[in-house]
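Take a look at the structure set out below.
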Amino acid sequence: MVLKEIWKNGRLKNQPSISQKTEYKEIWKNVLTFLERDLSKGEIATFLGSTELINLHEGKARILCPNRLTMEKLRTRYAAHLAEAFQTVCGGEHQFSFEIKPLENTIPTDSRTASQPSLFHHAPPNGLAASYSFENFVVGLSNQLAVSVARAAVEQPGALHNPLFIYSGVGLGKTHLLHAVGNSVREKTPNARIIYASAERFTSEFIRSIQSQQTAATFRRKFRGVDVLLIDDVQFFASRTASQEEFFNTFNELFLAGKQVVLAADRHPAEFKNIEQRLVSRFAGGMITDIQEPDLDMRLQILRNKAAAQQAEVSEDVLLALAQQLEGSIRQLEGTLHQLLAISQAQKSPPTEELLKAVLRTAPPTSTFIAPQDIISSVCRAYQITSEQLCSANRSREVVLPRQIAAYLLRQISRASLHQIGGFLGGKDHSTILYGLGKIEKQLISDQILKNQVESIRGEILGKNR
Ligand code: ADP
Ligand code: MG
C-alpha cells in the first residue's frame, strides 16, 4: 500500500522490519530522553517532537523531519547533541542524514506511533508538558511536603499557598512538579489560563517583546492574564535588569488579583544574590518548601515505575543494584536505566546485573555531570545576556567574550569536543571555537580580573552541581 509507494520512490531503501522499527522507535525515544539533559522540553517538543529515526545501519542514522526548518535546525544547531546522544545510547560515532517527511497521505502508517501518545507530541503553547503529572510522580519522605502543598495549590489556586516556592538540587523533580500543577489545574478547570516558563524563557520573550509597543503589550497580556503562573529556575533572573523588574510587576499584579504563582529554583530565596530584595521578600511571603534527595525505597519505586512505563522487564535485583549505586539526582537514575535498556535492546540480551555494571563503567555515575546548558546559563547570567544572544551570530564584544568564556568552560568542565561546543553555541564551526579558545586562554594568562571572573563562574557552576 502506501509504504510500497514510498519504497518505489526510493525514499525508504533498506526497508526496516517491524521489530527494527520498534527498535528505532525505542532508540529515538532514548535519544530524546538523553537530550533532555541539555535541551529544554520546549526546544525538544518544537524541533524534535515530530521527528523520527527511520533507519540505523552501520553507524548511519536517517532521520525524518516534518519540514525544512526542522531539518536545518537538526543539521546545524543540534548535530552535536545528536552525535553525543547516539554515542551514549548506541555507542560509537554516527553519521546523520536528514529527510523531509513526505506528504501526510503517504506516511507509512505502521511506522508511526498513532495510537501511542508520544512524550513530545503534545506541547501546547502554554509550555506544559503533558507527560509530567502527579500520577507518575513518586511520593516519599523527601518530597511529600512539596507534593502536598502543590496539590493544595491545585485544589484552591491562589488561596492557600501563594506564592508557592519549591527549591532543591538538580534532578529532584521541581520541573516535574510545576508541570504536574499546571496539568492538574487544567484537568480540573479546562478553561484556566496557565503558563509554564523558565526564568530564561520569560527573559528572552520579554527582551524580544520590547521591540515595539504592540509586542510589549502582547507580552504583558500574556503573562498578566493568567490564572496560574509557573516559573521555573528562578535563579536565572539576572540582576538589576528590566526583565527582573518586569517579573516583579507581573508577580505583583497576579498576586493582587489572587492568581496562583508557583516558583522553582535551585536554592532558598534567602540565598539569591542576583535577585532584588523586594522580589525575594515577595517569594518568601507565601509557602517555601524543599525537595530532598530520595531514599533507597523511593529510588527503587521510581525505577520500577519507569521500567513499567517502558514495558521493560527488569528484575528486582537489577533495579535494586541500580538504586543502590546512584544516589541523588533522579534524572541521573532515569538516564542510567534508559541507557541500560537501550543497550540491552541493541545487544538483544536481557538487562542483567553484568550489563548494568558495564553501563556504569562506561558511563560512570554522573553525579558530577554538568549539563552544557547549565554552563551556558551561568555565563549568560554573569554577563547579563540571554543564551539566545550568546548562541547567535552577534560579533559585538559584549557577546563574543562571554561566548569564548562559555566555550572555555564547556571544554574544561564538560570535556566537550570542539565540534560539540560549536553545536552548543548555536552551530558554530569548530575552527571558530578553536580560535576563540586560543584567544581566551591567552587572555587569561595576562588578565587577572578576567581570570577572577571566570573562576567565580566556574565556582558557581561546580558549587551548584555538587
Ligand atoms: P529538577 O527540575 O529538580 O532538576 P526534574 O523535575 O527535571 O528535576 O526531574 C528530573 C527527572 O526525574 C524527570 O524526568 C522527572 O520526571 C523525574 N522525577 C523527579 N522526581 C520524580 C519522582 N518523585 N517520581 C518520578 N519521577 C521523578
Ligand atoms: Mg528543572
(request) Would you order ILE370, ILE405 from fewest to most other beta-carbon atoms within 10 Å of each residue's own beta-carbon? (result) ILE370, ILE405
(request) Rounded to the nearest 0.05, what FRET efficiency do GLU313 and ASN136 give with R0 = 25 Å and r taken as the Cβ-Cβ distance? Could you check? (result) 0.85
(request) Anything over 28 Å Cα to Cα? Flag those among LYS273/LYS451; LYS41/LYS348; LYS73/LYS357; LYS174/LYS348; LYS25/LYS73, in the order listed. (result) LYS41/LYS348; LYS73/LYS357; LYS174/LYS348
(request) Compute the FRET efficiency between ARG267 and ARG397 as 1/(1 + (r/R0)^6), taking r as their Cβ-Cβ distance and R0 = 35 Å, and round to the nearest 0.05. (result) 0.65
(message) If I model a spin label at ILE18 and ILE100 as a point 7 Å from the Cα along the Cα→Cβ vector, what separation in nanometres do I get?
(response) 3.3 nm
(request) Kindly put ASP233, ASP227, ASP295 in sequence by how many other C-beta atoms sit within 10 Å of each C-beta, fewest to most. (result) ASP295, ASP227, ASP233
(message) How far apart, in nanometres, would the label points at GLN144 and GLN443 be if each is projected 7 angstrom from Cα along the Cα-to-Cβ direction?
(response) 5.3 nm
(request) Once you have the Cα-Cα distance between LEU434 and ALA358, take 0.36 nm times their residue separation minus that, and quote the gain in nm to one decimal. (result) 24.0 nm
(message) Take ARG221 and ARG208, extend 7 Å from each Cα along the Cα→Cβ direction, and tell me the distance between the two endpoints in nm.
(response) 1.7 nm
(message) What FRET efficiency comes out for GLU187 versus SER50 if R0 is 25 angstrom and r is the Cβ-Cβ distance? Round to the nearest 0.05.
(response) 0.50
(message) Need the list of lysines near LYS259 for cross-linking: C-alpha distance under 18 angstrom, and skip anything on the same chain fewer than eight residues off.
(response) LYS188, LYS222
(message) Order these by the 10 Å Cβ neighbour count, fewest first: ARG331, ARG278, ARG381, ARG403.
(response) ARG278, ARG331, ARG381, ARG403
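Bear in mind that the values in this text are calculations on the coordinates, not laboratory data. Just so it is clear, the structure is predicted and the values come from calculations on it, not from any experiment. Note: ideal-geometry Cβ built from the backbone for every residue, glycine included; neighbour counts use all protein chains shown.
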